[in-house]
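Some notes on the structure that comes next.
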Amino acid sequence: MELKLYNTLTKTKDIFKPLEGNEVRMYSCGPTVYKDATIGNMRTNIFQDVLRRVLKYNGYTLKHIMNITDVGHLVSDADEGEDKMIKSAKEEGKTPLEIAEFYTKRFMNDLLSLNIELPEIICKATDHINEMIEFVSGLMEKGYAYETSTAIYFDVSKLDEYGVLSGINLEEQKAGARVDIDQEKKNPYDFALWIKAPKNHLMKWDSPWGVCYPGWHIECSAMGKKYLGEQFDIHTGGIDLIPTHHENEIAQSKGLTGKNPAKFWMHGEYLLINGGKMSKSLGNVYLLNDIIKKGYSPLAYKLFCYSASYRNKINFTWEAIDASNKALIKLKESYKKHFEGNENVQDEIINNYENKFNEAINDDLNMPLAMSIVWEVAKYSVKSKKLADLLLKFDTVLGIKIDELEENNEEIPNDILELVEKRKQARLDKNWDLSDKLRNEINEKGYNVKDLKDDMIVERI
RNA sequence: GGCGUUGUAGCCAAGUGGUAAGGCACGAGUCUGCAAAACUCUGAUUCGGCGGUUCGAAUCCGCCCAACGCCUCCA
């Protein structure tokens, strides 16, 4: 079946085929590890995970790279200001390395909680300083870069075109409208490849241009080239990376190799919070941990993300997460019912569902549509192992561990268990007054009882 | 100022010319000593508004209204 993916470069859904053989080479812009990743960041990671899984579902093998940015991201524009890593280090009284390790670990934990497959290669910027220096040297040799008193800049005027992703037209942009002009820069859109480090700068390396540290974009180009070659299949990231980071990556690579590094550029849209942007000033920055703390499964967040297309904004509300959490539990219970079922379903029906599912995911990862088919299978009145197997197959794309019930590992305190035992007896005695009284008592202590035919289940409310 | 996106039932949202997917909530029923849970059923003659094109529009065009985003670090 044909796989179509939306390509930011062409602004259309293009048919996807790997450049070489059966292997898909893919690069994803990873986190800058100076603070915790938000659920917004995680939406992009979930999108990338679905992409991976859909590619595998289509029979391709993957060579997927994700970088960890542990240096060189400045807090302000105009190529000046503090490095984010260093700023966090100062604030938290740690070294930049400690900061990077700390937040990398927490980021990885989030990926694990969300059952996101790890890329084949995860690489750190600081481990690839030499590759970056080589890249910059190459650009200098070819005349695409020049040195100023503060940095090595990329000269965008040397390119045939700049802004192929975002569609900006350099001539129409007012220079310095929002950014102070650096008098040494040849063009306002020139960006720093390599920055000369002030004496007290914490992270710096020797280079042909003195003691320096990398610019914001060079790491991705250098590492992409090292692991995936001059041109690979897919480059992904958040939508905000289009106008600056990805344009500059393309510029750098075109300068050095003459090629756009990726055939497909794919971008995940923003997550909105109550209809607006997530921002510190509004106090609506949520972490995955905030969702977990409220008693929801992290996979409920993943399922929530599937309710919208990755290319559309989605509005986060607690009501919606609550809905997704219930849906998650229901889906898993539906799987269990099919798994325990002994009825038969015609292969034709199975094939039909599978085709519809394939069609949905292969149409630019249409997860909302795919989910509607998943639900049809889950709710199918005939309970059959064949349908359980089908759901399991779908789950290779969904990654919600459909065959694992959400575990309730919480220990029920003894005093609650005692009340439950008393209530069981009261019910056997048909002493409804006492039974109701005990139920109220249990509820007041924060627990709920579910009466089954011969048993009683207790759980925390 | 420039560029762009969105507006579909209470909430999250599919659907881009052929007569409104799905999930959750609500409501009804079954079950239950009663509840809860579970199970079953149910919801928009209508897609921000007004015009237009068309045999036919949520889908195309025009205008208007509203919300949001980018142009600066951000997934």
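Keeping every protein chain present and rolling a 1.4 Å probe, give me the accessible area per residue for the stretch A:381-450 in Å².
Value returned for the stretch A:381-450: 62 Å² of accessible area per residue.
Listed here are the pairs A:K56/A:K385; A:K4/A:K337; A:K84/A:K186; which of them are more than 32 Å apart at the Cα?
Cα-Cα > 32 Å for A:K4/A:K337; rest within.
Distance in nm between label sites at A:K17 and A:D322, each 7 Å beyond Cα in the beta-carbon direction?
Taking the two extended label points, one gets 5.1 nm.
With charges only on Cβ, +1 for K and R and -1 for D and E, what is the dipole size of chain A about its Cα centre, in debye, rounded to 20?
Value, rounded to 20: 620 debye.
Evaluate 2.2 N^0.38 Å with N set to the residue count of chain A, then give the Cα radius of gyration divided by it.
The reported ratio for this selection is 1.18.
For A:E230, what is the net charge nearby, where nearby means another residue's Cβ is under 15 Å from its Cβ and Lys, Arg count +1, Asp, Glu -1?
Local charge sum for A:E230: +3.
Helix A:247-257 versus the longest principal axis of chain A: what is the Cα-based angle in degrees, 0 to 90, to the nearest 10?
It works out to around 50 degrees.
Using alpha carbons only, how many angstrom separate the centre of the stretch A:256-283 from the centre of the stretch A:18-70?
For the stretch A:256-283 versus the stretch A:18-70, the Cα centre distance is 14 Å.
If one computes the Cα centroid of the stretch A:183-216 and of the stretch A:413-461, what distance in Å separates the two points?
68
First measure r as the distance between the Cβ atoms of A:D455 and A:D36, then evaluate 1/(1 + (r/R0)^6) with R0 = 60 Å and state the FRET efficiency to the nearest 0.05.
0.90
At q = 0.14, 0.20 Å⁻¹, work out log10 I(q)/I(0) for the stretch A:261-408 with the Debye formula, treating every Cα as an identical point scatterer and leaving solvent out; two decimals please.
Computed log10 I(q)/I(0) values: -0.74, -1.23.
Return the calculated 222 nm mean residue ellipticity for chain A, to the nearest 500 deg cm²/dmol, obtained by summing -39500 (n - 2.57) across DSSP H runs with n ≥ 4 and dividing by the residue count.
-13000 deg cm²/dmol
Nearest 10 degrees is fine. How inclined is helix A:96-113 to the longest principal axis of chain A, computing both from alpha carbons?
40
Using only Cα atoms, find the angle between the long axis of helix A:129-141 and the longest principal axis of chain A, and express it within 0 to 90 degrees, rounded to the nearest 10.
Compared with the principal axis, the helix lies near 40 degrees.
Whenever you get a sec, compute what percent of the accessible area on chain A sits on carbon and sulfur atoms (1.4 Å probe).
47
The values are calculated or read from the model by the stated rules, or taken from the named source; none is laboratory data. Computed from a predicted model, the values in this text were never measured in an experiment. Cβ coordinates were reconstructed from backbone atoms using ideal geometry, including for glycine residues, and neighbour counts include every protein chain displayed. Quick note on the areas: whole protein, heavy atoms, side chains included, nothing else; ligands and nucleic acids left out. Shrake-Rupley method; radii C 1.70, N 1.55, O 1.52, S 1.80 Å.
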